[in-house]
Every structure is written in C-alpha cells, then in structure tokens.
Amino acid sequence: MKFKRIRVTGFKSFVDPTELEIEDGITGVVGPNGCGKSNIVESLRWVMGEVSAKRMRGGEMDDVIFAGTTTRPVRNIAEVSLLIDNSDRTAPAAFNDSDELEVTRRIERENGSRYLVNGDEVRLRDVQLLFADAKSGANSTAIVSQGQIGAIINSKPEQRRGILEEAAGIRGLHSRRHEAELRLRAAETNIDRVDDVIQSLEGQLQGLKRQARQASRFRNISGHIRSAEAILLHQNWISSAAEVDSAQNELAAAEKEVAEKTGHSAAASTAQAEAAEILPALREAEAVASASLHRLSVERDNLETEERQAREQMNRLIDRAHQIE
Ligand code: ATP
C-alpha cells in the first residue's frame, strides 16, 4: 500500500484546503515549532480511523475541527482525504476494483464522523481493516511520534507483543478474529433467541393443532347439522304443502257452504219478510181466538159445574128412588 497524497480541510490549524503530495522515497515536512507538522501526522492517523481524542491531543473528537483564531471564524466541519495507490490490488475484496482508493473521514461538530471510500459510505471498521491488512493504521507502529521510541523501549511485554504482531503482519488477522468472535457471540445470542422463539412457537403449534382438531370437528358437526336441518326443512315443506292442499280443499268446501248458506239466508230473509207481513193479522186472529178460548173455557167451567150439580141431583134422586123402593 502506497500513500500518494493527503488533503486536509478545516482540520486543526489547516483551516484552508491543504494538499501534501507523498512522493517516492522520503517526503519531509520542514517548519518552525508550532507550524502544524504534527497536525499533518495526526490527520494521517485520524483518517485511518483513530478513535481516541486523547491521542489526537484533544479533550473530545470535535477538538480536531479548526477552533478559530482572532482573524478566522470557527469551522464546523473538518475533512481529511488520503489517496492510496492500489495498482497492486492488495486492498480487501470490497474495495479492490480500482487502481486508486480515496479514503475520506469527515467530522461535523456534535454529529460525529463519517467514512467514505471512493465516495461510498463505509463503516469505521472497514477503514480500520483496510489499513490493518496493509500493516498500517491509526495505532500502527509504522507511525512513530515524538518520544515514542523511548516509550516502546520502556513498554510492558504485552504492549511489545502488539508491535511484534504487527511486524509479523498478523495484526489484521487479530482484528478479524476479534470481529469474528463478536459475530460468533452475536450468532450464539441469535441462536438462543431462535431457540426461545422455537419453544414458544412449539407451544403455539400445540394450541393451533388443538384448535385445528376442534375446527375440523366443528366443521363435521356443522355439516351434519346442516344436512339434518335441510331434511327437517324439506319434511316441513312437504307437510306444509299437504296442509296447504287440504286447507285449500276446506276453503273451497267452506266457500261452497257459505254460498249455499247465503242462498238459504236470502230465502229465510224473504220468508221472514213475508211472515212479518202476515204477522199482525195472525196476532189479531190469535187475540180473537184467545178471547173466544177464554169465553169457551168459562162456558166449559160453567157447563162442568152444571154437569157436576146435575150428577149430584141425579145421584140424590137415585138414592131417593132406592129409598122409595
Ligand atoms: P512542534 O515542532 O513544536 O512539535 P508542530 O509543528 O508539530 O510543533 P503542531 O503541534 O502540529 O505543530 O501544531 C500546533 C498548532 O496547531 C498550534 O499552534 C495550535 O494552536 C494549532 N491547533 C491545534 N488544534 C487546533 C484547532 N482545533 N484549531 C486551530 N488551531 C489548532
């Protein structure tokens, strides 16, 4: 991996866009104290994915953004782009389809950093792996800062091991192993979750099977009920039709009877009218007859009295005749 150019904008003391060509051989930056030489090295470290604000000599990461001077206002965005020669195609597969890679990191005040490779947004992890595979990166020992040699000599064996691993080119593998372990743990967590889901689904499955059995029994029984209801309705229909027939016959007979009775009633009405016409004469005749009946009854009573008296006379006379004899 060969760095070709670094472009810095709004980063630390570099308020204006500044480009530094990195030529073959040694490229040196010469300047007085405090002119920003270390800032250039830091911009290189930063674009490769540095996450420690302390190692960037700041309190928080926003401190890398140009903080303003008496003559220049404060900036809200800082950007560093690193152009890499990839003509030997040693970049990771995801980025290995072009001869040049431009890795960009942009930070916006209070909004954190974004990473781009050839204009496409990528994760911090992708950028870190890209450089780790090339035995470089923000924490690479290939970048030796002021006082770092002394620090390495005085470092603990564990820290020195990191330096040796990087020199042996296995730092990238360690990063990948760490990422793989994280993925493995995530996959194990997912498997546990899937087991839980399977268990709860099995519980649901039992319930659903029971419901399915009930539903099929319900379907069977409702089929029977429907056919029984159909038979019952058919029978009701047949008997109702028979009842309708007989009711119609009865209606016809009743209508006939009503017609006859209406005829009789008309005749009776006529007879009643006629009888009503002769009734006064008959009442009068009845009164006359009843008067003569009364008179005759009186006469009969008189005659009976006379007859009784005549018989008593005759009996008395017969008694005298006997006495006389
Ligand atoms: P030395 O040779 O002493 O190590 P140097 O050339 O490496 O110095 P740097 O340490 O890179 O210089 O730069 C320090 C300068 O950068 C200081 O003047 C400081 O004010 C300026 N600086 C740092 N951070 C910012 C910032 N966020 N905004 C503006 N200026 C900044």
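The values are calculated or read from the model by the stated rules, or taken from the named source; none is laboratory data. Because the structure is a prediction, the values reported are computed rather than measured. When we count neighbours, we look across all protein chains shown, and the Cβ atoms used for this are built from the backbone with ideal geometry, even at glycine. Please note that ligands, DNA and RNA were not included when accessible areas were found on the heavy atoms of the full protein model with its side chains. Shrake-Rupley method; radii C 1.70, N 1.55, O 1.52, S 1.80 Å.
At-a-glance table
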{"read-out": "Charge tally in the Cβ shell below 10 Å around residue 82, where Lys, Arg are +1 and Asp, Glu are -1, residue 82 excluded", "value": "+3"}
{"read-out": "Label-to-label distance, nm, for residues given as residue 281 and residue 195 (7 Å Cα→Cβ offset)", "value": "12.7"}
{"read-out": "Under 22 Å from the Cα of residue 12 - lysines, other chains or at least 8 residues apart", "value": "4, 37, 54"}
{"read-out": "With DNA, RNA and ligands ignored, accessible area of residue 250 (1.4 Å probe; Å², nearest 10)", "value": "120"}
{"read-out": "Charged-residue dipole, Cβ positions (Lys, Arg, Asp, Glu), segment 203-301 about Cα centre, Debye nearest 20", "value": "1800"}
{"read-out": "Acute angle (nearest 10 degrees) that the helix 157-167 long axis makes with the longest principal axis of the chain, alpha-carbon atoms", "value": "90"}
{"read-out": "Listed residues 261, 37 arranged by accessible area, highest first, probe 1.4 Å", "value": "261, 37"}
{"read-out": "Whole-percent carbon and sulfur share, accessible surface of segment 217-290, 1.4 Å", "value": "63"}
{"read-out": "Net charge, residue 306 excluded, C-beta distance under 14 Å - Lys, Arg +1, Asp, Glu -1", "value": "-2"}
{"read-out": "Positive-end extreme of charge dipole, segment 169-285 - chosen from 234, 259, 278 (charges on Cβ)", "value": "234"}
{"read-out": "Within-13-Å neighbourhood charge of residue 236 [Cβ basis; K, R +1; D, E -1]", "value": "-2"}
{"read-out": "Residue 184-residue 124 pseudo-label distance in nm [points 7 Å out on the Cα-to-Cβ vector]", "value": "2.4"}
{"read-out": "Net dipole in debye of segment 263-325 [+1 Lys, Arg Cβ; -1 Asp, Glu Cβ; about Cα centre; nearest 20]", "value": "120"}
{"read-out": "Exposure ranking of 71, 9 by accessible area [1.4 Å probe, largest first]", "value": "71, 9"}
{"read-out": "Volume in Å³ per residue [convex hull over Cα atoms, computed for the chain]", "value": "672"}
{"read-out": "Per residue accessible area in Å² of the chain, where ligands, DNA and RNA are left out and the probe is 1.4 Å", "value": "72"}
{"read-out": "Separation between Cα centres of segment 286-325 and segment 42-58, rounded to whole Å", "value": "171"}
{"read-out": "Cβ-placed point charges (K, R +1; D, E -1), dipole of the chain about Cα centre in debye, nearest 20", "value": "3320"}
{"read-out": "Segment 3-160: radius of gyration over Cα atoms, expressed as a fraction of 2.2 N^0.38 Å", "value": "1.06"}
{"read-out": "Added length on full extension, which subtracts the Cα-Cα distance from 0.36 nm per residue, residue 249 to residue 295", "value": "10.3 nm"}
{"read-out": "Percentage relative contact order, the chain, counting C-alpha pairs under 8 Å, at least six apart", "value": "11"}
{"read-out": "Segment 1-147 - percent of accessible surface contributed by carbon and sulfur, probe 1.4 Å", "value": "49"}
{"read-out": "In order through segment 34-49: 3J(HN,Hα) via Karplus (6.51 cos²θ - 1.76 cosθ + 1.60), integer Hz, x for Gly, Pro", "value": "x, 7, x, 5, 5, 4, 5, 4, 5, 5, 5, 4, 5, 5, 7, x"}
{"read-out": "C-alpha long axis of helix 124-133 to longest principal axis of the chain, angle in °", "value": "40"}
{"read-out": "Tilt relative to the chain, helix 171-324 - C-alpha long axis, 0 to 90 degrees, to 10", "value": "10"}
{"read-out": "Ranked order, 210, 5 - accessible area, probe 1.4 Å, largest first", "value": "210, 5"}
